[in-house]
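Structure, as structure tokens:
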Amino acid sequence: MQKLRFKRASLNKKLILGTLFGIFISVSIFVAIFTILYQKQLYVEHENTVKHINVLLHTSLKESMLNSKKSKLNRIMSNLVKVESNLMSISILSDTGTVSFSSQLEDIGNKAGDDFDNTSDIYKIISKPNNIDVLRNISPINTEKSCIKCHEISQENTTRGYIAIDYDVSNVRTQVFKSLLLLMGSGAMIVLINIIGGLWFIRRFILKPIHKISLASKALSAGELDTRITLNSNDELSDLAQNFNFMAASLDKKIQQLKNSKLFLQNLIDTFPDAICIIDKDFEIVLSNQIYKDKHRITQSNKKCYQAHFQNDAPCAPTVVTCPAFEILKNHEGIKTIQKHKDKKGNIYYVEVSAMPMYIEKNGVKETLIIESIRDFNTEITHSHESRLEEFGMLSCGVAHEILNPLSSVNFALSACMNLCHEKNIDSDRLLGNLKIIESEIQVCIKVTDRLLKLGAKPSEKSEIVFVKNAVLDTLSLLQWEAKKDNIKITHHYENEDELIILGADSDLRIVTLNMVHNAFHAMPNGGEVAVSIKVVGKFIEIVFKDNGIGIAPEEIQKIFYPFYTQRADASKGLGLGLAICQNIVKKYNGTLTVDSTLQKGTIFTIRLPRESANL
């Protein structure tokens, strides 16, 4: 507020100084012109007076000469000097410059001074001592016909003498100065009145409205979007205030729309199960979802991706770390990589980063943004566990039937044993036979539960020998009841059993088999056949899962390995993680998982795992 008042005061000062300067220049020019003209006018009036005196002297001189009354000339000139207060002296000079007659008798007979100029009929200003200005008029006395009686007429020189009149014009300067003071005083009064009135007008009708507009502009720039201006006038400033109000209302509406769009976008990415962030070309995080913020350390001064992900002070070296942002800015293609991030506490954890480019136009320039989807492997394990629970739920009925049949046999054998115990003569052969039945059926139950336990076992952190045939066939046996229920036939074939060995986790291979076969079941809603073959191909073990289901459309092939993507032919619901988990497990073993499918004919999934150099 004080600053604004200072600006208004400065505007007042500028206005006053500008007005005074303009008035000063105008008045100076006016005074100069007025002084020159006024002084000239006074000189003209004095010259006219001198002319009248000159005419009078000529007349008196002529009369005196003709009547031989020359002695009266001095008296006449003295009387004129006395009557006219500003008349200083009158002299009649001969043609040689000698004073013949004068109002100052002491000058008679003297030669005229150096300031005498015999130029015909001139007026000039002569400065005398004591700051006296004299208007001198020198007019010639020409020979007339009446002069023939007393003087000889010369053809060469017709001038008989001169009349010199000195007139005091010192009062001209005083009169001009007085008039100038009067003029300047009255002008200054008028100017002062105009300045006061102008300042009041400017303050009332210009500065105050501008002050209101300035305050409103500051409030609007500070974020007070409901700021409006009210001016009780109907002029250009009022129009400016109305335009300001319209602009403020439009700005408020646009900002509200922008906030709603930003909120919608934030809510949208907050629904994603993975951490999401958007990075610009300067590696600055421009947007992120809540999961990302909960996991990473982000502040106003810490918004670079390398600061949030790795807690580094400089961008990552692309030769050391695979930087998705750097690779996308360089190649403009999507990328997927595994990185080690640091959480808010500085703990290291592994993530899978999937990044894609996004192009926007900013100020007419095309810019590239990087969208990163960051999946914590701990989350992946949770999803894998959920998927396993789903698969185990599907197995529960089949396992229950496989266990129920031997338990029923055990129940009958136990009943027979109890009946034999009530007989007087116990038949030991029959009792031993029933006990063998019980033992055999219990072994069946143990095998079923052992297969189930191996399927659900947590993968070992260390590599171990895995017999591929046993892991695959045991899992297939658990699915037989479910296959019969859905009118599906499971067949298997294997070659070189002794060579079907890899290094890895037994439970991982079983869960891959479970997911692949279940995937085939869902592709055959009306029944069909699943053929599983295992063989050695060079340095790899090849496991093929073939079904004669409805197949997969070509445009869907690339999507089936995406997490949470599901599109089952039997319309059943799932998490959409089965194939994604299989692919991750196979990649972990440095293997490959490929697919070949034809609509309405079936699909073939081929898994190849290294026989010797698996890093598990």
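The values are calculated or read from the model by the stated rules, or taken from the named source; none is laboratory data. Computed from a prediction, not measured in an experiment: that's the story for all the values here. Using ideal geometry, Cβ is built from the backbone for each residue, glycine included, and neighbour counts are taken over all protein chains shown. Ligands, DNA and RNA are excluded from the accessible area calculation, which covers all protein heavy atoms including side chains. Shrake-Rupley method; radii C 1.70, N 1.55, O 1.52, S 1.80 Å.
Would you pick out the residues in the stretch 281-333 that are in contact with a strand residue (DSSP E or B) (Cβ under 7 Å, 6 or more places away or on another chain), of a type outside the set (A, V, I, L, M) and open to solvent by 30 Å² or more (accessible area, probe 1.4 Å)?
K281, F283, E284, K295, K303, K304, F310, Q311, T322, E327, H332 - these are the residues of the stretch 281-333 that are in contact with a strand residue (DSSP E or B) (Cβ under 7 Å, 6 or more places away or on another chain), of a type outside the set (A, V, I, L, M) and open to solvent by 30 Å² or more (accessible area, probe 1.4 Å).
Is it true that some residue in the stretch 477-500 is within 60 Å of the chain's Cα centre (by Cα) and open to solvent by less than 60 Å² (accessible area, probe 1.4 Å)? Spell out the reasoning first.
Initial filter on the stretch 477-500 (within 60 Å of the chain's Cα centre (by Cα)): none.
No, every residue in the stretch 477-500 fails to be within 60 Å of the chain's Cα centre (by Cα) and open to solvent by less than 60 Å² (accessible area, probe 1.4 Å).
Can you tell me how many residues within the stretch 257-276 are out of contact with any Lys or Arg (no Cβ under 9 Å at 6 or more places or on another chain) and either open to solvent by less than 30 Å² (accessible area, probe 1.4 Å) or small (G, A, S) (or both)?
So the first thing to find is which residues in the stretch 257-276 are out of contact with any Lys or Arg (no Cβ under 9 Å at 6 or more places or on another chain), and the list is 257-272, 276.
Adding the requirement that they be either open to solvent by less than 30 Å² (accessible area, probe 1.4 Å) or small (G, A, S) (or both) leaves 261, 269, 276.
The total comes to 3.
Among the residues that make up the stretch 373-389, is at least one of them aliphatic (A, V, I, L, M), modelled with pLDDT of 60 or more and either surrounded by 12 or more Cβ atoms within 10 Å (Cβ to Cβ) or closer than 20 Å to Q558 by Cβ (or both)?
Yes, the conditions are met somewhere in the stretch 373-389.
Output the helices (runs of 4 or more DSSP H) that fall wholly within the stretch 236-325 and possess 1 or more residues being in contact (Cβ under 8 Å) with a residue 12 or more places away in the chain and closer than 30 Å to A219 by Cα, or say none. Talk me through it step by step, then tell me what you get.
Values: elements: 236-270, 290-295, 305-310.
The helices (runs of 4 or more DSSP H) meeting that bar are 236-270.
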